[in-house]
Amino acid sequence: MEGLSERQYAARVGLSRGAIQKAKAAGRLVLHADGSIDPDASDARRAESTDPSKTRKPPAPKRKPVPEAAVSAVGDTLKEQGLAAPATGGGTTFLQAKTANEVLKAQERRIRLQKLKGELIDRARALALVFRLARQERDVWVNWPARVAALMAADLGVEPAAMQKALEKHVRSQLDDLAEIQPDLR
């Protein structure tokens with residue numbers, strides 16, 4: 001066999017065997033005396049006789065655009081670990097993205113382990129606890145003048161009702177000042 005079989009030529013040009021058989025029947029292929037296909041001459045004849053608008057172009061690879069935030073997150077993760085980050089606008093290589101992904105997975109596992117060991121606590125739970133403790137502290141201070149006013153009045157020789165009023169006034173003033181404080185619990 002001098003040339004290629006239908007199957008071999010089909011694989012070479014990326015067409016089905018049926019398409020090659022149709023081209024052969026239409027005379028668009030050059031055949032050797034033994035019926036095998038002359039690949040170079042057939043390629044040239046097919047290029048001459050084929051309408052370019054009817055040829056299938058291989059589909060362009062579908063690539064999703066990567067958001068700039070994702071690229072910068074990869075860069076930030078790599079910088080945190082002391083690794084080379086991608087140049088701004090230069091894109092990220094697959095290796096850099098994979099490295100950043102592995103770093104993030106390791107960090108996530110470390111955090112999960114710390115949480116299991118009890119080294120980390122739930123933020124919402126901590127905020128609720130702080131709020132409850134602050135409320136209890138406030139309630140103790142609100143009730144304090146009523147508890148100590150009579151004892152202080154007896155020690156100082158003043159009327160208990162006046163002492164309680166004065167203590168309540170000053171405690172309320174102090175609690176109002178404390179209520180204006182906004183702690184940063186980030």
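The values are calculated or read from the model by the stated rules, or taken from the named source; none is laboratory data. On a predicted model such as this, the values are computed, not experimentally measured, just so you know. Positions of Cβ are generated from backbone atoms using ideal geometry, with glycine treated the same way; all protein chains shown enter the neighbour counts. Please note that ligands, DNA and RNA were not included when accessible areas were found on the heavy atoms of the full protein model with its side chains. Shrake-Rupley method; radii C 1.70, N 1.55, O 1.52, S 1.80 Å.
So here's what we get for this one:
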quantity: Kyte-Doolittle at least 0.0, axis length at least 20 Å by Cα - qualifying DSSP helices, the chain; calculated: 123-156
quantity: Accessible surface of the range 122-186, 1.4 Å probe, proportion on carbon and sulfur as whole %; calculated: 58 percent
quantity: Residues in the range 127-141 that a label on R172 would reach, taking backbone N under 14 Å of a point 7 Å out along Cα→Cβ; calculated: none
quantity: Net charge of Cβ neighbours under 10 Å - reference L4; Lys, Arg +1; Asp, Glu -1; calculated: -1
quantity: Cα-only radius of gyration and Dmax that characterise the chain, units Å; calculated: 41.4, 133
quantity: Where the range 119-186 is the region considered: accessible area per residue in Å², 1.4 Å probe; calculated: 86 Å²
quantity: Relative contact order of the range 85-174, defined on C-alpha pairs under 8 angstrom at six or more residues apart (%); calculated: 16 percent
quantity: Relative contact order, percent, the chain [alpha-carbon distance under 8 Å, six or more residues apart]; calculated: 10 percent
quantity: Nitroxide proxy distance, nm - points 7 Å out along Cα→Cβ at D51 and V148; calculated: 10.1 nm
quantity: Lysine pairs in the chain with Cα atoms under 26 Å, if 8 or more residues apart or on separate chains; calculated: 15
quantity: Relative contact order for the range 145-186, counting Cα pairs under 8 Å that sit 6 or more residues apart, in percent; calculated: 33 percent
quantity: Volume per residue that the Cα convex hull of the range 88-172 spans, once the total is divided by residue count, Å³; calculated: 169 Å³
quantity: The range 91-141: GluC sites (Glu not before Pro) falling in loop per DSSP and having at most 11 other Cβ within 10 Å; calculated: E119
quantity: Length released on extending from Q8 to L120, taking residue separation times 0.36 nm less the Cα-Cα span; calculated: 33.9 nm
quantity: Charge-dipole axis of the chain as Lys and Arg at +1 and Asp and Glu at -1 on Cβ define it, positive-most pick from A97, A128, T50; calculated: T50
